[in-house]
């Protein structure tokens, strides 16, 4: 357990907050302000979202504290792995594997899903 | 048996074995919540484009409202972090003030969400109009429901804080509430990205 | 008034079925008897104080097991009715609708309300004892989990007299289960009954993860944990990540049915196959939830009665971890015939076959444990020995089914029915029986009669093979699953299967009798190590187990903690080390919390919002009361501990 002489002015929180505001704006700009191909947009803003999730976990949620820190972190990593399986797996299976959406998890919205099956 | 090793230093919320186990248990519960939201996201992703006769999202989503909602929730997550920081400094008033602010911001978010839902329904996109919109309302609604529960929970905790002050038990309750609140922000970031931004790109 | 009576006898109560009238009468008589007995012996207060509000993991475990056995009877009666109907061509014992309802409730009850609670009951009973803990990490929550399960069970089971049973199969596939094709309350019972009990299952998962990680006695490191505890930990981990998927799937279909959403519907561009996808995303991990603890029980039993340390302990642990990871990667093999492309089906074929590898490793570990052991054949061991060959038959036919191309031939036939009964009965059910008989003396202070136990074993085990082995061949002969009438050419094998089912039922009747017989006549246990060869800490306690489990514990330095204690002459009562013990208080809040949710769910089943909303409000009020509950538990004085321990160990208190 690290020593917790919490300062009056929590600089870590402020940095996290500013970073998350900037990342939110950046994602909006990438999605709506650029003419990048769809795949790039999806990959880019998903990456930004994952960074923001990391900011919450590490800068706000004290995930690594106490001797359970390793368990907590491992649990979160495993949970995100399962989440990936659920989301990407469902997209792939429900596309019936007839057209490849790649692995970005969000590239399917331009495809027509109403195809016969 | 040393099941009840009590510490006398360090943050209040970790001082009792019970407090530490409650916090670990809540982390594991958050793992379950991730699986829960992932399943709804999966459903949403699969239903993208399935709007039948209802209007598509590009026509209905509005960037300013979305950004404002995101801003409110991000700020409330920040103030919640400060509140826990105040708690660790032992400042009951600081905790009350910042946590109160967190709840007010959360209420603002919820108000905007309700306003947005009403607008969507008015435009012909309701839970029963098409598969896509069913998934949309399920996803955002589940998140909104979590925020609502959080508001009620937060108010109960503030009353307990007022009655009892910062003790190992109230501290661990507030810490857990903090985890919950930050987690809702994590979920919202993905809602913002996957639902709103990609929905507006089309 | 007339409209009300019309509704009451037309829709609310299920009428017109002689079998159901019979069930109603027997339920009414049974309830009256139970109420009369409890009142006569003035046992209501006792029941409330000692069981309903109890946070003691041992009592909660016993309540789970009792509920599971009752459900085994209910599901078993369903099974017998199906076997009777399909024994001869042209039988009119059940009509097609009634048959649909019965195979649906049979499957759902056996998985959700029999197999899982049985295993969770054994976990509750044994795991805290095996790790040297006084209770689980969250005792209040443990009681809450039980009541969520119990009220979910009640909600699901009342469907057959009030409103009608669900009839879309235990997999409840859309659009069959959707509102257009299946209006009325029946499917809602399925959705909300499972939803309610699912809350408790998730709670149990979290509870056991924290318990095992944080409440082990000093010296019991992770790699010294008894293997049943390991299997519980892995199972709990699967529960935590799989059950939310079911929660969502059920909620989505509830939205479809009650609130007009279009997720799994044919209208509004819904996707019925998405239900299958989500159901099996949960459903396959669920299979491992009900098999891994059984593997754990067999490991304990085999190593105990072979009097040897488990062979390949580490391999066993890693095998379970790998099974847990793979369990989330195979779900599509349940719907290969959906029509997905070669890429999807090949991927899931390969992952499915991979699971056979760690499972095979475990089989060799059990054989290795027995090799050169001094084996004795007590009934728990008989079940464990029968498990190995029978489960292998189920496993090998599973690999046959795993081949996507071949699956097009087998799917939806009795071949599949035979396969999953071979793994679920030979794996899970044998495991439950083995574990129950194994720990029975610790639960109730006396063993079950060995002779009756052996009759039960042989009747059930042989009956099981007579019942299900022919089903493989019926599958090859083209007999489809869930058919309510059979073709004449299937009759010989189908009739054989029915005969086997009657043998199993006879065996089970012997078991029920042996409970009564042993209660009356069995020798009472006077010491903790009931079988004389216990290896783990659960056998180190006195019998009956004090409510705080352990007065004191030595420091451990090896696996099989109790073997070490016996060598050094240590007990769980070291007079010089006794200290005050802190224990949690009982609480009636979980009962009321879940009663409120039961009322809300029942309201939703009938789409009566005037009932559902107050129920939900009541739930949140009780939650609020709980939030303000700062009960700190109570302390047991050293004097009391000395008295309890000395009485249990037959020493004079000085």
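Here is how the numbers come out for the structure above:
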item	result
From the options C:539, C:531, residue that is touching a residue at least 40 places away in the same chain (Cβ under 8 Å), assigned to a helix (DSSP H, G or I) and more than 22 Å from the chain's Cα centre (by Cα)	C:539
Filter result for residue C:474 (crowded, with 19+ Cβ neighbours inside 10 Å and not in a helix (DSSP H, G or I))	no
Residue selected from the stretch A:64-98 under the condition at the interface with chain B (Cβ under 8 Å from one of its Cβ atoms) and part of a loop (DSSP other than H, G, I, E, B), by the criterion nearest to residue C:271 (Cα to Cα)	A:68
Qualifying positions in the stretch C:256-274 - on the phi < 0 side of the Ramachandran plot, within 10 Å of chain B (Cβ to nearest Cβ) and in a helix (DSSP H, G or I)	C:256, C:259, C:267, C:273, C:274
Any hit, the stretch B:70-90, residues being more than 11 Å from chain A (Cβ to nearest Cβ) and either over 30 Å from residue C:578 (Cβ atoms) or buried (at least 17 other Cβ atoms within 10 Å of the Cβ) (or both)	yes
Looking only at the stretch C:214-255, and only at residues there that are surrounded by fewer than 24 Cβ atoms within 10 Å (Cβ to Cβ) and at the interface with chain B (Cβ under 7 Å from one of its Cβ atoms), the one that is nearest to the chain's Cα centre (by Cα)	C:247
Helices (runs of 4 or more DSSP H) contained in the stretch B:108-202 and holding at least 1 residues within 20 Å of residue B:77 (Cβ to Cβ)	B:131-164, B:168-190
Of all residues making up the stretch A:13-23, the number that are closer than 19 Å to residue B:192 by Cβ, surrounded by fewer than 21 Cβ atoms within 10 Å (Cβ to Cβ) and within 7 Å of chain B (Cβ to nearest Cβ)	1
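Quick note: the coordinates plus some simple rules give every number you see, no bench work behind them. This is a predicted model, so every value here is computed, not measured. Neighbour counts are summed over all protein chains in view; Cβ atoms, including those assigned to glycine, are modelled from backbone coordinates with ideal geometry.
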